[in-house]
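First the structure, in the form of C-alpha cells, and then the observations on it.
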Amino acid sequence: MKNIFDSHAHYNDEQFDIDRDSLLASLPEAGIVGIINCGTDVASSAASLEMAEKYPFVYAACGYHPESALEFTDDNLTEIEKMLSHGKCVAVGEIGLEYHYDFVPKDVQIAVFEKHLQLAVKHDMPVIVHDREAHADTMALLKKYKPKGVLHCYSGSAEMAKEVLKLGMYIGLGGAVTFKNAVKPVEVAEMIPLDRLLLETDCPYMAPVPMRGKRNNSAYIEFVAEKIASVRGISAQELLDITADNTRKLFDIK
Ligand code: NI
C-alpha cells in the first residue's frame with residue numbers, strides 16, 4: 001500500500017532508541033508519505049522538531065501532554081510558543097486531559113490544556129487532543145475555544161463524535177478499531193464522514209491486531225486501514241488516499 005500518513009506518532013520514545021534512524025529511513029519504502037511526531041513536553045517537542053529537520057516526511061506537534069502537566073511552567077509555554085514558528089511545526093500537541101490515570105490533579109491538567117488552546121487559537125494552528133475518560137471536560141473546553149484540530153485515539157461515543165464534527169474537528173482512529181472488544185471505535189468508523197477521518201498509530205503504543213502487544217510503527221497503519229475500509233465497503237487504498245488528503249488539509253501540509 002502507499003500514501004500512508006500517520007497523523008500521530010512518538011518516535012522519540014525510548015522504545016525506538018535501538019533502531020530509530022534505520023526504522024524511520026525504511027518507512028518511505030513501506031508506503032509512508034507523512035508522519036506527525038507529537039511532543040509531550042519541551043524536550044520531546046524539541047526532539048520532534050529535530051526529527052522533522054532530518055526527515056522530509058516528518059512533521060512536528062509541540063506542547064504538553066496532560067501527564068506532563070505537573071512540571072509545566074510559564075517559561076515552558078514561552079518555549080513552546082517559540083517552537084510554533086518553526087517551518088515544520090504543524091500543530092499544538094499533544095495536549096488534553098487524562099482522567100484514567102490520576103497522576104496529575106484535574107485542575108492542573110485543565111489549566112495547562114487551556115493555555116495551549118489559547119496558544120493554538122492565537123497562532124491559528126490546529127490542536128492534537130488527548131481525551132481519556134475526560135469527555136465532558138474536553139468537549140466543554142473545545143466548545144469554549146473552538147480550535148481546529150483532531151481528537152486523537154478517539155474513544156468517545158458516536159453521539160459525542162457528532163458534537164466533535166459539529167465543531168469542525170477531525171477524529172483520529174488507530175489500533176483500537178482492530179481490537180476484539182472494540183465497540184465504540186467501530187461504531188464511530190461506521191458513521192464518521194470520510195472527509196473528517198485521520199489515521200494514526202500513537203506508536204510505540206496501540207499496535208493493531210495482528211501485531212497487538214508489539215511495538216507499533218507507521219507501517220502497521222495498513223491493518224487499521226483494512227479494518228475501517230471493510231466496515232465502509234471501500235478499499236484500504238482508497239481510505240489511505242482520503243485520510244492522507246485530510247491530514248494534509250488539516251495541518252496545511254503541501
Ligand atoms: Ni500520543
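Of note:
- Filter pass, D107 being open to solvent by 30 Å² or more (accessible area, probe 1.4 Å) and within 13 Å of the ligand (Cβ to nearest atom): no
- Which listed residue is closer than 30 Å to D21 by Cβ and under 18 Å from the mean Cα position of the chain (by Cα), from E67, E53: E67
- Among residues that are of a type in the set (G, A, S) and away from the ligand (no atom under 16 Å from the Cβ), A182 is included.
- Residue check, P208 open to solvent by less than 50 Å² (accessible area, probe 1.4 Å) and without any contact (Cβ under 8 Å) to a residue 40 or more places away in the chain: yes
- Checked against (1) within 27 Å of A136 (Cβ to Cβ); (2) over 14 Å from the mean Cα position of the chain (by Cα); (3) in a helix (DSSP H, G or I), G168 meets all criteria but (3).
- Residue match in the range 128-149 (condition: hydroxyl-bearing (S, T, Y), assigned to a helix (DSSP H, G or I) and within 20 Å of I36 (Cβ to Cβ)): yes
The values are calculated or read from the model by the stated rules, or taken from the named source; none is laboratory data. For clarity, every value in this text was computed on a predicted model and none was experimentally measured. Please note: Cβ atoms are built from the backbone with ideal geometry, for glycine as well, and neighbour counts cover all protein chains shown. For the accessible areas, the whole protein counts, side chains as well, though only heavy atoms, and no ligand, DNA or RNA atoms are used. Shrake-Rupley method; radii C 1.70, N 1.55, O 1.52, S 1.80 Å.
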